[in-house]
Amino acid sequence: MQIDKNVEEDGVIFMSIKDGEESDAAGKEQEGSREADGSQPDKDVIILAIESSCDETAAAVVKNGREVLSNIISSQIALHTVYGGVVPEIASRKHVEKINGCIKAALDEAGITLEDLDAVAVTYGPGLVGALLVGVSEAKAISFATGKPLIGVHHIEGHISANFIENKDLEPPFVCLVVSGGHSHLVVVKDYGEYEIIGQTRDDAAGEAFDKVARAIGLGYPGGPKIDKAAREGNPDAFSFPQAKIPDAEYDFSFSGLKSAVLNIINQAKMQGQELNQADVAASFQKAVVEVLTTHAIKACKEYGYDKVAIAGGVASNSALRDLMEKECAKNGIRFYRPSPVLCTDNAAMIGAAAYYEYMKGVRFGLDMNAVPNLPLGDRERRYHGRSNS
Ligand code: KG4
Ligand code: ZN
């Protein structure tokens, strides 16, 4: 996957992501773009997708759910790093400044105009309300001006759908481990757009734990990639950290005890005037997180009888998680799917992938669509009213 980067004057990084790495099934017919009855859609479905739920402004053009014609990300991460986390007000203001440029670049790179679109899709939740509103307002304006159908997409369903882009052979049902900054879910993807949650975190999300521990050991923000990098120089067996087991919910996670254990070690070292090896703490913490995530995912596949597992969300770009999942899946005869790292973190191509399957089902949103910051996964309301493209 090729990423063209340009750091703008305000510190925002503008990226254009090109050329998806070919999957195992490269060259195969695009099975994923079939309709539910197995027939091919009459014509190509071209969707402009917009994502602005956190600190990335993104726009992409996606054909038939799996072919990315353009994928633009404007990342504000450098602006928030100085504050040690995302500042919602700054994020919203930057989205307003960047969104039109991202959409123009996405259309230009795809070589199309708004007239060529079949639909406009946008993340409408969950996320930061002010940030979401920028994308939602933009998508509504484009839909109103062009008459093209509007589709609201759940951000986490987008993360899961990132797996469809490079794995042309992946079709539901499968198990998906969703691990991002705000979510840690173990999900059965029963069909396109149909999710059954079988496990979730009781406290911190996996990405949140990475961010908090990184801050505590002085690595700063964003924690996930920094711990991933530091851990490569450290000993994962230097410290033995607890892995929470929840007796009445074997697929649930809990990361707050692990975070406290890391804080205790830091405090003890301070009191004894000892210097802690940052890389050893990072590697041991990462091992504890990655082991519990992998164990749960493999167990779910075996007990629920699925032979395919995917990972999704920002933490899915973690190298130790990818390696351990790969190893354990091979050992247990399970096919392992994962998006390229740049498609694991926030992007609009994944929103376009999820939107395609909603579009094919006839899901259409009206101009009354609103941002829903705490939109639940799985049982959200689907709207069939509003304009239709037929
Ligand atoms: O999915 P994402 O980009 O945004 C949300 O929807 O939350 O996930 C961001 C999270 C952050 O907590 C970040 O620290 C974590 O993903 N992350 C990682 C890695 N890259 C990003 N965690 C562990 N290892 C990484 N390489
Ligand atoms: Zn995300």
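Derivation of every value follows stated rules applied to the coordinates shown; laboratory data play no part. Every value quoted in this text rests on a predicted model; they were computed, and no experiment measured them. Reconstructed Cβ throughout: ideal geometry from the backbone, glycine too, with neighbour counts over all protein chains shown.
What the table shows:
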| item | result |
| --- | --- |
| The range 90-179 shape via C-alpha gyration tensor axes, a/c threshold 1.5 | oblate |
| Degrees between helix 349-361 axis and first principal axis of the chain (Cα, 0 to 90, nearest 10) | 50 degrees |
| Trypsin sites (Lys or Arg not before Pro) restricted to DSSP loop in the range 38-134 with at most 16 other C-beta within 10 Å | 43 |
| Degrees separating the helix 129-146 axis from the principal Cα axis of the chain, which is the longest one | 20 degrees |
| Separation of alpha-carbon centers, the range 260-319 and the range 136-184, rounded to whole Å | 27 Å |
| Residue 197/residue 274 FRET efficiency (R0 41 Å; Cβ-Cβ; nearest 0.05) | 0.45 |
| Anchor residue 259: aspartates and glutamates whose Cα lies under 12 Å away (excluding residues fewer than 8 positions away in-chain) | 203, 204, 208, 211 |
| Fluctuation leader among 80, 185, 95 - the chain, Gaussian network, Cα springs under 10 angstrom | 80 |
| Nearest-20 debye value, the range 223-357 charge dipole, Cβ charges on Lys, Arg, Asp, Glu | 180 debye |
| 0 to 90° range, to nearest 10: angle between helix 278-304 axis and the chain longest Cα axis | 60 degrees |
| Separation in nanometres of the label points that stand 7 Å from Cα toward Cβ, at residue 302 and residue 42 | 5.0 nm |
| Dipole moment magnitude, nearest 20 debye, the chain about Cα centre, only Lys, Arg, Asp, Glu C-beta charged | 560 debye |
| Dipole moment magnitude, nearest 20 debye, the range 149-206 about Cα centre, only Lys, Arg, Asp, Glu C-beta charged | 60 debye |
| For the chain: relative contact order, % (alpha-carbon pairs under 8 angstrom, 6 or more apart) | 21 percent |
